[in-house]
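Working notes, structure below.
The values are calculated or read from the model by the stated rules, or taken from the named source; none is laboratory data. Keep in mind it's a predicted model, so treat the numbers as computed, not measured. Here the Cβ positions follow ideal geometry from the backbone for every residue, glycine too, while neighbour counts run over all protein chains shown.
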Amino acid sequence: MPDRPSELEALSDLCRCLQGGVPPMVDWEAVLALANRTLVTPALAEALGIGRRGDPAIPPEVASLLRVIAERTAARNKMMHAQLTEAVIALNARGITPILLKGAALLARRGPDCANRLLTDLDLMVREQDDALAVEVLEGLGYSRILSMHQDEQGANLGRECDAGGLDLHYRLKRVGPARDAGWLMQWCRPFAIGAGKAAMPSSAALAGLFVLHDQLQEGDYWRGRIDLRHLADMAAIDREAKGLDGAELAALFPDGRARRALAVQLDSLAQWLGVRVAIGRSGGRSGWRTRLQGWRRDRQLRHPGWETAFTLSSWLIDPPFSLYEQRGMAARGREMRRMLLERKATKV
C-alpha cells in the first residue's frame with residue numbers, strides 16, 4: 001500500500017480539476033489543502049469556472065472559498081502589476097529594457113486584472129553591463145537589497161515594505177550552460193508595452209522553458225524528483241494560450257545531454273498530470289533510459305516520500321550534476337549538494 005495514498009489521490013483529483021473536470025467522490029478538503037500548499041488555488045478557481053457559472057458538483061462553501069481567493073489574488077496582482085510597471089518605466093528612463101521572466105511575464109500578458117496566478121515576486125533580467133545602474137535605479141524607487149542565495153554575478157534580490165512582493169534582478173540564467181545571459185535570451189523575445197513602459201517578452205516556448213530551467217536545473221528537481229505544480233499549471237496555460245507550444249523552439253533552449261533530459265522529464269510530468277503533450281523530437285532525450293528511469297523514480301517517490309534522499313543520491317550517480325557547477329568553487333558545490341539533500345520546499349510535491 002502507498003505510504004501517502006490520500007495525498008496521491010488529492011494530487012490526482014486536483015490535476016483533474018485543473019483540467020476543468022470534477023472527479024466523482026472528490027475529497028474537497030484534501031484537494032483544497034494541496035492546492036493551497038502548491039499555490040495553485042487561483043488557477044483552480046479559474047479552471048472550475050468559479051464566478052462565471054454554478055456547478056452542482058462543487059459544494060457552495062468550496063465555490064465561495066475559491067471565489068474569495070480569486071478576488072484577493074486579483075487585488076494583490078493589481079498592486080504587483082503597478083509595481084512592475086513602475087520599475088519598467090524607471091529602468092526605461094535610464095536606457096534599460098528589461099526582459100520579463102516567469103510570473104512577471106505572465107502578469108504582464110494577462111494584465112492588472114489577472115486573478116488566476118499567485119505571484120510571490122517579480123523577476124526581471126537585464127544585461128550584465130547594466131547591473132549596477134539597474135540596482136541604482138531601483139534603489140531610487142525605495143528598494144533595498146535582501147539577503148538571498150543569489151551570487152552577485154548572477155543577480156540581486158530587492159524589496160520594499162510597501163509592496164506585495166519582492167523584485168529579483170537576473171543577469172544570466174544559471175546551470176544551463178555558458179553565456180546564457182540577456183543577450184542570448186533576447187533572440188526569443190519581442191517588444192512588449194506595459195503601461196507607458198517597454199519591456200522584452202519571451203516567446204511562449206521560451207517562457208515555458210524558463211519554468212523548466214528554474215525547476216529542473218536551478219532548484220535541482222531533476223535530481224530530487226520533485227514537481228512544482230504551479231509551474232506545471234503555468235506551462236499548461238501557456239500551451240493553451242499559444243494553441244500548442246513549439247517543441248523545436250523549446251528544445252533549442254536546452255543544450256544536448258543532461259539539460260535536454262531534464263526538459264524531457266518535465267514534459268513527461270506535464271503530460272502525465274495535466275494531459276498536455278509537447279513533442280520535442282527524438283533528440284529531446286525522452287526515449288533515453290535515464291529519462292525513463294527518472295519518470296519511474298518520480299512515481300515511486302510520490303508513493304514513498306521517505307525514499308527521496310536515497311533516490312537523490314542514486315540520481316547523482318546515474319546523472320551527476322557536478323558539471324553544472326564546474327565554474328564554481330568546491331564550497332559552492334557543497335552548498336548546492338546540501339541544499340538538494342536537506343531543503344524541503346512545501347510548495348512542491
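Taking the listed residues 180, 110, 127, the one that is without any contact (Cβ under 8 Å) to a residue 60 or more places away in the chain and under 25 Å from residue 261 (Cα atoms) is 180, with no other qualifying. Only one of the numbered conditions (1) modelled with pLDDT of 95 or more; (2) part of a helix (DSSP H, G or I) is violated by residue 191, and that is (2). Where strands (runs of 3 or more DSSP E) fall wholly inside the range 96-168, the ranges with 1 or more residues that are at positive phi are 155-159.
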